[in-house]
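Below is one structure, written out as structure tokens; comments come after it.
The values are calculated or read from the model by the stated rules, or taken from the named source; none is laboratory data. Since the model is a prediction, treat every value here as computed from it, not as a measurement. No Cβ is skipped: glycine too gets one built from the backbone with ideal geometry, and neighbour counts run over all protein chains shown. For the accessible areas, the whole protein counts, side chains as well, though only heavy atoms, and no ligand, DNA or RNA atoms are used. Shrake-Rupley method; radii C 1.70, N 1.55, O 1.52, S 1.80 Å.
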Amino acid sequence: MKAVIAREDVGRLLAIAARRDELHVPVLDGGGGRFVPLNAEDPVPRDGLMLNGSSARRPPKEVLFAQTAPLFAFELRRGDFSIDELPPEAATKVLFGVRPCDGRGFRVLDSLLLGKCGTDPAYASARQGSVLVGIGCGRPGSDCFCTSVGGDPHGTDGLDVLATDLGDALHLESLTDGGEGWLRAIAAAVDSPLTPANPETDQRCREAHEEARGRVPRHVDLEPLDAVLERAFDDELWDDLAAACIGCGACTFLCPTCRCFDVQDEVRGDRGLRVRVWDSCMFREYTQEAGGHNPRPRRGMRWRNRFYDKFRWGAHDGQPACVGCGRCITHCPSGVDLIDLVERVVESGGAA
Amino acid sequence: MTRMANPYVPRRARIESIRDECGGPRPVRTFRLAWADEPTAPFDFLPGQCVELSVIGVGEIFLSIASAAEDGDRLELSVMRVGRVTSALHALEEGEIVGLRGPYGNGFPVAGWHGSNFVLIGGGIGQAPLRSLLHHVLAHRDDYGRIQVFHGARSPEAMIYRDELEAQAASTDLDVYLTIDWKMGDDGPLDEDAREGWPRVALDDPVTTEVAPGQFRFTGFVPQVVDAVSPSCGDTIAVTCGPPVMIGLAVQSLERLGFRPEQIYTTLERRMKCGIGLCGRCNLGPQFVCTDGPVFSQQQLLALPEAFA
């Protein structure tokens, strides 16, 4: 299904969406932007909705894969305990305004958390029935390079609905059964602001897609990378590449495809929660064994692991596990530039 | 939607007994566990498989099982006190309840080893998964050939399973070789530290060591004792587990003896959290030690990054 909505009516659409499901939208919140829940009675932030321009600093992964999520609750007794399993997420989550790179990011997260090994129940229940309403990037951000990693500013992979910004209106197109159901339900609401698409809006849509593709500011040629990585593992270059890194882990926390986590017990009195908490392979402690051994004691080794994981080991459907959102570049406090690193790795040729 | 079982939730298990294996700064205790809730679901596992053990409120650790399924419906875990969870575990008493989930990991491919001889090479707490394998093999003794067990520790007092291994050496057809480390000085091993009843291997060239008939105690690093005894590689599977340095040297010794990479197995340790291939940290390149391992052949490891890190 295709539909069009006037720009000034987006707030009404969100109100309808919020009546139906648990709605999350990207909002400029003073911290560079993140997805927040929007209730039906909430006023839509007029200038704060991040539906065009740069993407939210924090990707939407935290809506479905919370930074801290309880695995189960427990009660401690003398020399014993009991466990309370927590009810799974009941509400259907709708994420409105997901950028296409982040939509692809969920594909990668699905392969990691609903994978062949095990399934994370909290992610599975949050993901179950979720609707990702994407919005294309008419003006990609300054470090975006999605087209170099198999994406597109209006790519559809991983999304259920794609919205295209036509300036005075948004063009909405459903891409999956879930997206079709959601869009039909919105259109069926008595106060629905949706109008049918027509050949003219279709044409403007195609033009917007074409223009946006030409506006992706950064490019990197990954074609020669795999052959280099084949032989570069033991190269000395990794310590050099990691020299500027301060090991803060921001790149991994802001990455739409990173999912590594720690498991911790949080206790108050005789009650507690076992939680999973985001962790980062850029931290020394990540692989530090209690007995003293650490297989990745140097930062260069940790960089190498992340780099290989994004561009070789984690490759999925023939595409890297990097979706080209550029956040790790834009927000690195010491100016480490992933594209620059890819080029330096390729230049090295895997000399070792 | 149907509600899926939560794989993170452990089952309750009671500590039936606690055995001190060794003292010192890194004491080891073996905990014998029984399921605390009836009815107990069957818990079958292969030697070399692992469990996640919880001290609820403190945390969870990934451990090789130290017993075999053939030992009965009790599970034994040998735990060295090195960190937060292991310290909390060592503070528990018999009758107290811990959390247990598993079994995890691939375990040793014993079904494909029928008819083989074994050379087992363990150092310190690394002997725990080898004990599981040994118990399994002894329970199916007719399926396997000659068994040689090498086991080393820092000192006789720090040697875990010593009584059990010496008893097995006396009552079964196992060939057991126990060794304690050289005491190191600035210029190498300190001669005068040789202990009564633990003869030294030849330092310069361990292969030239004269091994007396029936000798089962040595002073020397584990791989040096392997050199001294020089087990045959014919129709033999070698399995080694211990500190990474020891594993590396043991593999070198085995290769000198003619063992091929596909005859050599090890079981790896990494920091682990989830145990089910989700949390990411135990990767060897694209594989996870918790699900693809912890048992790997040397042939597999040669193709995996960071396998010898």
Task: Selection within segment B:120-167 - among the β-branched types (Val, Ile, Thr) and open to solvent by 50 Å² or more (accessible area, probe 1.4 Å) - done: B:ILE125
- [ ] May I ask you to verify whether B:VAL207 is in a helix (DSSP H, G or I), within 14 Å of chain A (Cβ to nearest Cβ) and modelled with pLDDT under 95?
- [x] no
Task: Filter result (over 20 Å from B:PRO244 (Cα atoms), in a loop (DSSP other than H, G, I, E, B) and either of a type in the set (S, T, N, Q) or without any contact (Cβ under 8 Å) to a residue 12 or more places away in the chain (or both)) within segment A:283-316 - done: A:ALA315
Open item on the list: Quick check on this structure: which one of A:ARG306, A:ARG284 is modelled with pLDDT of 95 or more, within 22 Å of A:SER111 (Cα to Cα) and among the charged types (D, E, K, R)?
Closed with: A:ARG306
Task: Filtered residue count, segment B:266-289, keeping only those that are under 19 Å from A:TRP278 (Cα atoms), open to solvent by less than 30 Å² (accessible area, probe 1.4 Å) and either in a loop (DSSP other than H, G, I, E, B) or modelled with pLDDT under 95 (or both) - done: 12
TODO: Considering (1) open to solvent by 40 Å² or more (accessible area, probe 1.4 Å); (2) within 14 Å of chain B (Cβ to nearest Cβ); (3) in contact with a strand residue (DSSP E or B) (Cβ under 6 Å, 6 or more places away or on another chain), say which one A:PRO87 fails and leave the rest.
DONE: (3)
Task: The listed residue being over 22 Å from A:HIS316 (Cβ atoms), among the small types (Gly, Ala, Ser) and open to solvent by 20 Å² or more (accessible area, probe 1.4 Å), out of A:ALA227, A:ALA244 - done: A:ALA244
Task: Members of segment A:192-218 that are in a loop (DSSP other than H, G, I, E, B) and either open to solvent by less than 60 Å² (accessible area, probe 1.4 Å) or among the polar types (S, T, N, Q) (or both) - done: A:SER192, A:PRO193, A:LEU194, A:ALA197, A:ASN198, A:VAL216, A:ARG218
Task: Among residues of segment A:128-168, those that are more than 30 Å from A:VAL336 (Cβ to Cβ), among the aliphatic types (A, V, I, L, M) and buried (at least 21 other Cβ atoms within 10 Å of the Cβ), counted - done: 5
Task: Options A:GLY30, A:GLY103, A:GLY53: the member that is open to solvent by less than 10 Å² (accessible area, probe 1.4 Å) and within 20 Å of A:SER142 (Cα to Cα) - done: A:GLY103
Task: Selection within segment B:290-301 - within 13 Å of chain A (Cβ to nearest Cβ) and open to solvent by 10 Å² or more (accessible area, probe 1.4 Å) - done: B:THR291, B:ASP292
TODO: Could you check B:ILE160 against (1) assigned to a helix (DSSP H, G or I); (2) under 22 Å from A:GLY291 (Cα atoms) and say which number it fails?
DONE: (1)
Open item on the list: Tell me whether segment B:62-76 contains one or more residues that are within 14 Å of chain A (Cβ to nearest Cβ), in contact (Cβ under 8 Å) with a residue 12 or more places away in the chain and among the aliphatic types (A, V, I, L, M).
Closed with: yes
Task: In segment A:299-313, the residues that are more than 10 Å from every other protein chain (Cβ to nearest Cβ) and not hydrophobic (A, V, I, L, M, F, W, C) - done: A:ARG299, A:GLY300, A:ARG302, A:ARG306, A:LYS310
Open item on the list: I need the full set of residues from segment B:219-265 which are under 19 Å from the mean Cα position of the chain (by Cα) and in a strand (DSSP E or B), in order please.
Closed with: B:THR236, B:ILE237, B:ALA238, B:VAL239, B:THR240, B:CYS241, B:ILE264, B:TYR265
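Looking at segment A:282-295, which of the residues that are more than 7 Å from every other protein chain (Cβ to nearest Cβ) and surrounded by 15 or more Cβ atoms within 10 Å (Cβ to Cβ) is nearest to the chain's Cα centre (by Cα)?
Here the answer is A:MET282.
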Open item on the list: Condition first: among the basic types (Lys, Arg), surrounded by fewer than 24 Cβ atoms within 10 Å (Cβ to Cβ) and farther than 30 Å from A:ALA315 by Cα. Can you find one or more residues in segment B:252-265 that meet it?
Closed with: yes
- [ ] With the checklist (1) over 16 Å from A:LEU225 (Cβ atoms); (2) modelled with pLDDT of 95 or more in hand, flag the one item A:ASP317 doesn't pass.
- [x] (2)
